[in-house]
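The values are calculated or read from the model by the stated rules, or taken from the named source; none is laboratory data. Computed from a predicted structure; not experimentally measured. Here the Cβ is made from the backbone with ideal geometry for all residues, glycine too, and neighbour counts use every protein chain on show.
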């Protein structure tokens, strides 16, 4: 016996350590669960961390109202399996109550509006720790974010004033009204996520695998025709075999052309791909070099 | 099986650190086309003569605007043999604090020097901090060999100068690689420009370095993190002690002692959701069940009766001070976090400040300023279960938290009892 772990077991052990640390030290943690693959993996690791007990925290979905139905079905099935408590924070409710104003122009998304809904829900439920599935390989600003990411009473992230994070000693101290975002999958890459899904045989919503659906092209991205994202006038709609690399708001998540209809094929595809996950699929990050940093400063996931 | 290797890079932009990281990521196909296009476009817009690889790692607006690196950035790449996590620490701003942070979890440190300039004060400082943090492997990369005509004499002279200096330090394992990050010489493959060099390419060395023996598999330490009590019909009497193995190997049936009570019992099972395991070793996160019901909770330490950590409230430590607001001095009080224990600590004495360029001990200064290291005596409100940092990086380390601002202000490495 060599007493070594594979890299997947090592990063899983790290994530479990972080989750238990949070459960031990915070009063009211919650885990953001959207039905996207990263949050599915995060929830899977959480279930392992506290086995055979139930999850010691609430799940929350920030619902933009622009969903893929199969993802919502998956979310509800998983919540039932785990006998967990789910809070749905609705962006539509934030719009209806006048907390945010929706941009109705063509091509506008509800992505940025989620921040207000999220922060309102954190305040309402008095959550003091919020688990997110973000990874540092996703984006440059995230590469510099801590595992425990401190947020002030406005939910803001200050990248120049982060707490040093040493060894595996995490500082979760905060005052009333402040909270900490926790990213247990910080050190995972997109490929790690897929290899872990394979190893652990984790089921995923079907849209992560290649299927044929009507699409159109917009700004170089492949967008599925969806009730919240109809093809603009004059755009050519055609059938294509596609899959989703990320699943977010249906109006700002693009598909990629793919024949990968199994986990094994997706792993081969991800290993060979030459475009980042966000670059290939996120309309919202195309605006500027610092789009993600700006959203994060305001309190985005 | 792919293993995980964490390494920290040290060096300034001028040493070609960003270029080297860019090269490792690019040659292992971890830089994506859209990232590359964006870096090329921004370099062009800024009128830079070459594609500035530093833009790949500098993620924050202020960094791009000011052309500096502010914070530790984590980068990832993998080969079929290993997955690598790079803690990329900036050379200038908040230098020591960032380097200590990056080195705290590193298996290996990569120190870059410019072949034209040789060992600088900064290189010595990198080496001293790296060895203080007990990074087990150090690789000195002599970069820009293309600018010294790939001269063996230049390389050998830098190598022997560094070896002489390192003899004063406790370096576990030291290697030297002559490279040109810009041209890729000896980065991924052996260079034809330096036939006199008989060692491995840098990447091969990173893939090959033996890290399995770096962990302490002798002194069994299990700090209890969380108690799992399902309180369900199926697991009515279940009481599992969750934690991460910090040292040694735990087996089912082992006789163990639980601190602070000092009572002994046996391990009845080691659980995970994948099923029971026979043995647990670092850094596994598992759940241990004990045969007898003895007082055990977060902060307890499970170990072996004949191999216990030190127990005490008076501790000598090297501290790296990280507060921008005020210096550390005798009489100051903090929250201390050590393994899974949290207590309060008071500073009894600052015996010296260490010059990280010369190893000289400045006695009688009585305080530590931002980014300074020094030897400090602490007293804690309750006993800690600790080992010397040199024996165990998990049970020998702690952080200090300011009770007013909640900021992490100190990183400590335990030397022993006063």
| task | State the number of residues belonging to segment A:161-195 that are at the interface with another protein chain (Cβ under 7 Å from one of its Cβ atoms) and assigned to a strand (DSSP E or B). | result | 2
| note | Note on residue A:131: of the conditions (1) within 11 Å of chain B (Cβ to nearest Cβ); (2) within 16 Å of the chain's Cα centre (by Cα), unmet is (1)
| Taking into account only those residues within segment B:176-194 that are in contact (Cβ under 8 Å) with a residue 60 or more places away in the chain and touching a strand residue (DSSP E or B) at 6+ places or on another chain (Cβ under 6 Å), which is surrounded by the most Cβ atoms within 10 Å (Cβ to Cβ)? | B:178
| request: Return the residue satisfying two criteria in turn: it lies in segment B:208-230 and is surrounded by 17 or more Cβ atoms within 10 Å (Cβ to Cβ) and more than 10 Å from every other protein chain (Cβ to nearest Cβ), and of such residues it is farthest from residue B:341 (Cα to Cα). | output: B:209
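Residue by residue, here is whether (1) farther than 17 Å from residue A:131 by Cβ; (2) at pLDDT 90 or above holds:
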| residue | (1), (2) |
| --- | --- |
| A:167 | yes, yes |
| A:170 | no, yes |
| A:195 | yes, yes |
| A:201 | yes, yes |
| A:224 | yes, no |
| Boolean, residue B:323 is farther than 18 Å from residue B:389 by Cβ, within 14 Å of chain A (Cβ to nearest Cβ), surrounded by 19 or more Cβ atoms within 10 Å (Cβ to Cβ) and at pLDDT below 95 | yes
| remark: Selection from segment A:37-88 of residues modelled with pLDDT under 90 and at negative phi yields A:63, A:64, A:66, A:67, A:68, A:69, A:70
| Can you tell me which residue in segment B:79-99 is nearest to the other protein chains (Cβ to nearest Cβ), limited to those that are crowded, with 21+ Cβ neighbours inside 10 Å and either modelled with pLDDT of 90 or more or part of a strand (DSSP E or B) (or both)? | B:83
| task | Scan the strands (runs of 3 or more DSSP E) fully inside segment B:335-391 and keep the ones with 3 or more residues being surrounded by 17 or more Cβ atoms within 10 Å (Cβ to Cβ), in contact with a strand residue (DSSP E or B) (Cβ under 7 Å, 6 or more places away or on another chain) and touching a residue at least 12 places away in the same chain (Cβ under 8 Å). | result | B:341-354, B:373-386
| remark: Exception for residue B:233 within (1) free of Cβ contacts under 8 Å to residues at least 24 places away in the same chain; (2) away from chain A (no Cβ under 12 Å); (3) surrounded by fewer than 17 Cβ atoms within 10 Å (Cβ to Cβ) falls at (2)
| query | Of all residues in segment B:392-418, which are under 15 Å from the mean Cα position of the chain (by Cα), free of Cβ contacts under 8 Å to residues at least 24 places away in the same chain and under 21 Å from residue B:329 (Cα atoms)? | reply | none
| Only one of these conditions is not met by residue B:274: (1) over 21 Å from the mean Cα position of the chain (by Cα); (2) at pLDDT below 95; (3) surrounded by fewer than 16 Cβ atoms within 10 Å (Cβ to Cβ); (4) under 30 Å from residue B:24 (Cα atoms). Which number is it? | (4)
| task | Select, from B:129, B:55, B:25, the only residue that is at pLDDT 85 or above and either away from every other protein chain (no Cβ under 12 Å) or surrounded by 20 or more Cβ atoms within 10 Å (Cβ to Cβ) (or both). | result | B:129
| message | Can you report the number of residues in segment A:141-160 which are within 10 Å of chain B (Cβ to nearest Cβ) and under 14 Å from residue A:297 (Cα atoms)? | response | 8
| Single residue of A:172, A:155 found to be in contact with a helix residue (DSSP H, G or I) (Cβ under 7 Å, 6 or more places away or on another chain) and on the phi > 0 side of the Ramachandran plot | A:155
| Which numbered condition trips up residue B:171, out of (1) part of a loop (DSSP other than H, G, I, E, B); (2) out of contact with any strand residue (DSSP E or B) (no Cβ under 6 Å at 6 or more places or on another chain); (3) modelled with pLDDT under 95? | (2)
| query | Which of the following residues is in contact with a helix residue (DSSP H, G or I) (Cβ under 6 Å, 6 or more places away or on another chain) and away from chain A (no Cβ under 14 Å): B:365, B:356, B:311? | reply | B:356
